[in-house]
Amino acid sequence: MANEKTSTALESVQCPVCSKDFEPTTINGHLDVCLLRGDDSSPSTTDDSEPPLKKPRINAEAVPTRPSWASPGVNKAVAGTPTPTMFSLFQTNKSKVSVQSERSGLLNTATSVSKGAQRSVLNEAEPAPAGTETQKSQTSASSGQTPKTAHGLSSRTLLTMDKPLAEILRPNNLEEYFGQSKVIGQQTLLRSLLDSQEIPSLILWGPPGCGKTTLAHIIASTSKKNGTARFVNLSATSTSTNEVREVIKQAQNELRLCKRKTILFIDEIHRFNKSQQDTFLPHVECGTLTLIGATTENPSFQVNAALLSRCRVLVLEKLSVEAMGSILDRAVATLGIRVLGRDPANSKGQDQTGGHEPKIYIEQKALDTIAYLCDGDARTGLNSLQLAVQAQVSLTQPNLLAQSSSPQEILVKEDHVKEGLQRSHILYDKAGEEHYNCISALHKSMRGSHENASLYWLGRMLEGGEDPLYVARRLVRFASEDVGMADPFALPQAVSAFQACHFIGMPECEVILAQCVVYMARAPKSVAIYKAYGNVKGCLRNHKGPLPPVPLHLRNAPTRLMKQLGYAKGYKYNPAFSDPVEQEYLPKELQGIDFFTWTPSDP
């Protein structure tokens, strides 16, 4: 500033805003207060109800025109007082500015005022001209920002969205976050911690589309609003270790200089290997970072145990049908889509899209179909809704351009939604947690002789894309482990099923697997062989000292030397006797043992 650059030899410095004299050591502090609140000498003319203005950086070439959003108190203080062009923002008397020049000033101050100040002008100081709200709504949607109001978006905007609907409608507060009341409900510990901004390090574990990333963004939004912490968002799929170290370095500087913590959100944290995850350990331990990791994989297998002990694991469940209904209701209300059969008051804002824009309706059955078929995945549900609406709007767009009178009506039906989804969105990961969960459920259902449950879990695996040969191999194992000698034909049945699946493949082999699964479920069960062999393994592993040698009479004697040493001496060839042969086949240390009744814990 001009007066700040004067020589320090001057005894006093004049404030360019209020024209008062101050010491050189105090002028900077006074300017900060004076620029934000106006002249302290005229408090009666200052409107305390107005929010304080940001201190703008104005260049010397700025046009000396005072916009209409300048503080009245500042205006009266400056009237009649010549000030440098550096502070042209405060020079012009409001009484000499016409309404037209005020509005033109709003449009021409882009070169001298920050964009944030311009937005505050349009939102607070002056009522927007007709059509401004619709323009802002369209701009917000096309830029991918979350709509702030429930005013409907035009059909043209629906077609030109450059982001998925699930991203555009991502909630910014916990009131719009549905489906995880067990974790962040009103009476939960985590909810109280979030409300008090005492955020611990978290690992969010849940299926896709259950709200892991959304919860992290809500925490970020709350932290930014309160100024309690800075939020950094990274993805393990595209972030290197050097970038993580740079973020940690910035977090250390932020904590040392500004006394503000850093919340680091790592999406798909299971993609980091063990050494990369070790990078966070000391900084999470000392509190430099508050780590929030999101993963669809079991943290017990994919996250370092040392890091896991420093974080709290939150298990987010698959969204229920009721929660999906609430999410879809919020989506249609925000987009201005009316639901047939409901009170029209629930769809206010549709008429705001313009007289020539089409009116979009959707059947309640269509919303219910999305809620059921998306399998608890909010991302799939919202994007399916967007796809169905966009398809119908595109089909009616040529007719819409040809007509210029009454707006056209568009109806999204249940068939349109099913066409977009094609089939049920089945959650199944052939290489992840759900793979092991389903095969375990199948095995235990057959063991419990529940044929309907066995068929269900088989269908979950096959319809989710599981390799049929993997299932067939498990059936072969089950035939010996759980059926055993209770039904000796179970093993040939399982082997035949495996060979048949290998011959013809999917989808023809699915009925073969179903037959084998039902056979195993209905067969009598015996785990005697499975347990006996387990006891043998326990006996061998728990034996102390060298293992006992094979008895001489059981050894083979192919050479003369071996015969001279006593190999095969005294062996009784069983077929040569008509009666049972009394002969020991175990070493002396194990004679009399019965592995079907003995356990390794016995003395």
Note to self: From the Cα trace of segment 180-315, what convex hull volume per residue do you get, rounded to a whole Å³?
What the structure shows: 100 Å³
Checklist line | For segment 433-525: span of alpha carbons on each principal axis (Å, largest first) | finding: 33, 28, 20
Notebook entry, point to check: Length gain on complete extension for the stretch residue 237 to residue 585, per 0.36 nm per residue less the alpha carbon to alpha carbon distance?
Noted result: 119.2 nm
Next item on the list: Any chance you could look up the accessible area of residue 418 with a 1.4 Å probe, heavy atoms only, rounded to 10 Å²?
Entry: 100 Å²
Next item on the list: Would you work out what percent of the accessible area of segment 215-332, with all protein chains in place, is carbon or sulfur (probe 1.4 Å)?
Entry: 47 percent
Next item on the list: Could you please put 485, 562 in sequence from largest to smallest accessible area, using a 1.4 Å probe?
Entry: 485, 562
Notebook entry, point to check: Looking at segment 559-603, which chymotrypsin sites (Phe, Trp or Tyr not before Pro) are in a loop (DSSP not H, G, I, E or B) and have at most 13 other Cβ atoms within 10 Å?
Noted result: 573, 577, 585, 596
Checklist line | Phi-based couplings in Hz for segment 185-200 (Karplus 6.51, -1.76, 1.60; Gly and Pro marked x) | finding: x, 5, 9, 8, 5, 5, 4, 5, 5, 5, 5, 8, 6, 9, 8, x
Item checked: Spin-label model distance (nm) - residue 279 vs residue 33, 7 Å beyond Cα toward Cβ -> 4.7 nm
Item checked: Across 259/318; 531/588; 212/274; 224/274; 212/261; 163/359, pairs whose alpha-carbon gap is larger than 27 Å -> 259/318; 224/274
Margin query: Once you place label points 7 Å from the Cα toward the Cβ at residue 552 and residue 508, how far apart are they in nm?
Written below: 6.3 nm
Notebook entry, point to check: By accessible area of protein heavy atoms, probe 1.4 Å, what ranking do 445, 181 get, highest first?
Noted result: 181, 445
Next item on the list: Please give the FRET efficiency for residue 326 paired with residue 541, using the beta carbon to beta carbon distance and R0 = 51 Å, rounded to the nearest 0.05.
Entry: 0.35
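The values are calculated or read from the model by the stated rules, or taken from the named source; none is laboratory data. A quick note: this is a predicted structure, and the numbers were derived from the prediction, not measured. Cβ atoms come from the backbone with ideal geometry, glycine included; neighbour counts cover every protein chain shown. Side chains included, ligands, DNA and RNA excluded: accessible areas come from the protein's heavy atoms. Shrake-Rupley method; radii C 1.70, N 1.55, O 1.52, S 1.80 Å.
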